[in-house]
Amino acid sequence: MERRSFVRKFSVTMASVAGVILGLTFLRQFSHKKAGSTRRIKVGRLSDFPVDTYTFIEDVKVFVYRDHESVKAISAVCTHLGCTILRTMDGFECPCHGSCYTDEGAVLSGPAPRSLSWYKVEKTPDEMILVDLDEVTDAEAGLYIS
Ligand code: FES
């Protein structure tokens with residue numbers, strides 16, 4: 001009888017410990033972003049980005065696009081298996097399995113399952129262009145400069 005009681009209490013204790021560990025692991029994913037994003041990256045000054053050009057920023061795998069009105073940032077990571085895409089004459093192409101995207105990041109041909117992401121762009125007080133990889137926007141959003 002005492003052995004059964006011990007086994008029951010031990011099982012309940014172990015299940016409780018496992019539940020707490022699982023709960024903490026689950027909650028950790030939410031606390032990571034609140035602790036302060038480390039994915040807000042300064043990519044250069046406005047003058048570093050020629051007008052009507054997609055400039056590849058290798059460190060963060062984004063293309064920064066500047067036109068006369070705005071600066072935008074689009075992911076350079078293929079949505080299929082994560083290869084770095086290349087700029088083409090009229091969009092983007094993945095060298096791994098051939099997915100093609102429009103200038104706006106929409107899928108023209110697979111196997112990519114979805115469009116490329118656009119990220120929020122800001123200007124810092126010291127006049128640097130900052131890309132926030134934690135803030136996905138749409139192709140129309142961007143930092144308006146005029
Ligand atoms: Fe880009 Fe497969 S990783 S098409």
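What follows draws every value from the coordinates through simple rules; no lab data is involved. Source: prediction; values computed, not measured. Ideal geometry is used to build each Cβ from the backbone, glycine not excepted, and the neighbour counts take in all protein chains shown.
Odds and ends about this structure:
- Nearest 10 degrees, 0 to 90: helix 2-34 Cα axis against the chain principal axis: 20
- For the chain, the equivalent ellipsoid derived from the alpha-carbon gyration tensor has semi-axes of 45, 21, 10 Å in decreasing order.
- The stretch 82-133: trypsin sites (Lys or Arg not before Pro) in DSSP coil with no more than 16 other Cβ atoms inside 10 Å: ARG114
- GluC sites (Glu not before Pro) restricted to the stretch 73-146 and DSSP loop, no more than 11 other C-beta within 10 Å: GLU127, GLU140
- Where only DSSP H runs of four or more residues are counted, the chain gives -8000 deg cm²/dmol as its mean residue ellipticity at 222 nm, each run worth -39500 (n - 2.57).
- Listed residue (PHE6, SER70, HIS80) projecting farthest to the positive dipole end of the chain, Cβ model: PHE6
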